[in-house]
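The values are calculated or read from the model by the stated rules, or taken from the named source; none is laboratory data. As the structure is a computational prediction, the values presented were derived from the model and not from experiment. For neighbour counting, all protein chains shown are included, and Cβ atoms are generated from backbone atoms with ideal geometry for every residue, glycine included. For the accessible areas, the whole protein counts, side chains as well, though only heavy atoms, and no ligand, DNA or RNA atoms are used. Shrake-Rupley method; radii C 1.70, N 1.55, O 1.52, S 1.80 Å.
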Amino acid sequence: MKPVRAKKKLGQHFLKDLNIAKKIADLLDFKEFNTVLEIGPGMGVLTQFIVEKKKSLNLIEIDLESVEYLKKTFSSLETNIIEGDFLKIDLLQIFKKEPFAIIGNFPFNISTQIVFKTLEHRNQIPFFAGMFQKEVAERICEPPGSKKYGILSVLAQLFYETSYLFTVPPNVFNPPPKVDSAVLKMVRKDDFSLNCDEVLLFKIVKLSFQQRRKTLRNSLKTFNISDNMREDPIFGLRPEKLSGKDFIQLTKRIGHGNISN
Ligand code: SAH
């Protein structure tokens, strides 16, 4: 299989190492789901190990050549092969209300968008695992206080227990990416309801990190925060110090217009 230059924009880095492919497939534990969606299966290196699990499998692949190969190789009653763009497909139409897991050696060019779409559909997605470029995997898993901790970390960790599993060097891919990669998993929390105004929370997280060097007092000026509320020490902090739970508390207080409740 020769890598095609024109396809660079599809984030194609095919995995050559079968051990790593198997390790990723083996992360699936089928406790809370019986259905799997693999994003960007390419030439099926990971797919072959997922198929062995004999569960209902959906593949979404944007590249026609790969789709044709997948259809020839993996067509079966349990495997549904969709030609399309993960970011554009209607997940509700495919899965109805059924829970499903997401897995993949993902297209790196759309990694953060894949995570954001997963978070939007978290009610149906109890489990997510796969490979991203290392820097994105780190951002998803980083705890508060670190330089890499940001919007993606807060939002992913609000709903999921995220774990950075292992680093993967460029030479196991064809063509090799310029950076290291990493495998991670996200297991949805038992209680993943926020009990606060979600739209407001997302706005607060975004605004706070847009100017991550400033204190919350400065970044959140646009909200109607009373003088009394402004005194609270939390407003003297920079956003990277706040956990998801802290952001929920902050949202509740700003929403109620009273920080001392
Ligand atoms: N999983 C395979 C391929 C990884 S490369 C392997 O490990 O070898 C990433 C794959 O994602 C490519 O096959 C690419 O065509 C596909 N892809 C890129 N953008 C996509 C999108 N928006 N939706 C679905 N698949 C996509």
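Quick rundown of the values:
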item	result
Residues of region 61-88 satisfying the condition of being near the ligand (Cβ under 8 Å from one of its atoms) and not hydroxyl-bearing (Ser, Thr, Tyr)	GLU61, ILE62, ASP63, GLY84, ASP85, PHE86, LEU87, LYS88
Residues located in region 237-256, provided they are assigned to a helix (DSSP H, G or I) and open to solvent by 40 Å² or more (accessible area, probe 1.4 Å)	LYS241, LYS245, ASP246, GLN249, LYS252, ARG253, GLY255, HIS256
1 or more residues within 30 Å of GLY11 (Cα to Cα), out of contact with any strand residue (DSSP E or B) (no Cβ under 6 Å at 6 or more places or on another chain) and in the same structural domain as GLY42 (by TED's automatic domain parsing): qualifying helices (runs of 4 or more DSSP H) within region 144-224	151-159
Scan of region 224-235 for residues that are in contact with a Lys or Arg (Cβ under 7 Å, 6 or more places away or on another chain) and open to solvent by 40 Å² or more (accessible area, probe 1.4 Å), ordered by number	ARG230
Only listed residue being within 23 Å of LYS241 (Cα to Cα) and surrounded by 16 or more Cβ atoms within 10 Å (Cβ to Cβ), chosen from GLU142, GLU135	GLU142
